[in-house]
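Q: Take this structure first; my questions come after.
The values are calculated or read from the model by the stated rules, or taken from the named source; none is laboratory data. Just so it is clear, the structure is predicted and the values come from calculations on it, not from any experiment. As a convention, Cβ positions derive from the backbone with ideal geometry for all residues, glycine included, and neighbour counts pool all protein chains shown.
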Amino acid sequence: MKLGLSRPFHPVPAPEKADTGLRYTDILFGFVTRELFLRLQNWAHLDQAVKLHLIVGATLVLGSWIGFRRSLYRTGYQIKFFNLPLVRFLVDQSMLILYFKIAVLTPLPEAGTILISGPEAARNLAHETNRFVFYVFVLYVLWDGLGVWMARAKIEVGTITTRRYPVIENSLMTDKKEVINKRGFWITLICCLLFGGLCLLADCFNPLPLFVATIVLLLVYRWFKEMRTSWQLLHPA
């Protein structure tokens, strides 16, 4: 009886065959990238603050797409109502909403016009951009945290306890334990706190240095994540 009542909230895990969630997310990444490129093509007519804002957006979105594609901890399980892969998928989509919000913070420029005029508009754009980047990193922390939860999740059948989401090989569930992404989680959490600090101290920065600090921190984050992925590939155990 207990198993029957809990089944809708803990559906039986099954490997994803068609990779539907990944392909759907790729399409949405394409929509966000389109918005950025529509603005970047008017580079010569953009204010310096808008240029830096778009560099932030491009760095964030392209870095995220590459990281998402290269992630060793992206779930290979089917998305079902209601399981942890579904929650992770919803976090992915929430990130994309924020990416889109960042991409359209500035309107599409008309030919020969400059979007930003005056320091106050540039300051507001810098603060808004930094705030949304911080929100993205909060979701990054949640995404990595859900991955840790999935790696530790167990299922009990009678007296036998097994991993709910073991390693998938050749589209089949194995009896191998998923490696817990501790390093990736801490890298993300530290960067999230740093972006939170930038938000709190935003009034102490001029707009351009704030944009530059955001770009540098995004690149440092991606570098550390890539180093972690490369290390994991060399030391899979």
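Q: Search segment 203-224 for residues that are over 19 Å from Val136 (Cβ atoms) and pair each with any residue that is surrounded by fewer than 13 Cβ atoms within 10 Å (Cβ to Cβ) and not charged (D, E, K, R) when their beta-carbon atoms are under 9 Å apart and the residues are at least 6 apart or on different chains.
A: The qualifying pairs are Asn206/Pro119; Pro207/Pro119.
Q: Just give me the residues in segment 97-108 being surrounded by fewer than 22 Cβ atoms within 10 Å (Cβ to Cβ) and assigned to a helix (DSSP H, G or I), in sequence order.
A: Ile97, Leu98, Phe100, Lys101
Q: Report yes if some residue within segment 134-153 is more than 19 Å from Val56 (Cβ to Cβ), among the aromatic types (Phe, Trp, Tyr) and not in a loop (DSSP other than H, G, I, E, B); otherwise report no. Steps first, please.
A: First pass over segment 134-153, keeping only residues more than 19 Å from Val56 (Cβ to Cβ): 141-153.
Okay, now just the ones that are also among the aromatic types (Phe, Trp, Tyr), so 143, 149.
Now narrow it down to the ones that are not in a loop (DSSP other than H, G, I, E, B): 143, 149.
The answer is yes; a qualifying residue exists.
Q: If you don't mind, another one. Quick one: in segment 49-83, of everything that is over 22 Å from Thr188 (Cβ atoms) and modelled with pLDDT of 90 or more, which residue is surrounded by the fewest Cβ atoms within 10 Å (Cβ to Cβ)?
A: Taking the candidates together, the pick is Lys51.
Q: Also, quick follow-up: Give me the pairs: first residue in segment 42-56 and over 17 Å from Asn124 (Cα atoms), second residue assigned to a helix (DSSP H, G or I), beta-carbon distance under 8 Å, and six or more apart or on different chains, which are they?
A: Sorted first by the residue in segment 42-56, then by its partner, the pairs are Trp43/Lys51.
Q: Could you grab me the full set of residues in segment 140-181 that are crowded, with 21+ Cβ neighbours inside 10 Å and within 30 Å of Phe205 (Cβ to Cβ)?
A: Within segment 140-181, Tyr140, Trp143, Asp144 meet the criteria.
Q: Among the residues of segment 9-44, which ones are at pLDDT below 75 and either polar (S, T, N, Q) or in contact with a Phe, Trp or Tyr (Cβ under 7 Å, 6 or more places away or on another chain) (or both)?
A: Initially, segment 9-44 is screened for residues at pLDDT below 75, giving 9-23.
Within segment 9-44, Phe9, Pro13, Ala14, Pro15, Glu16, Thr20, Gly21 qualify.
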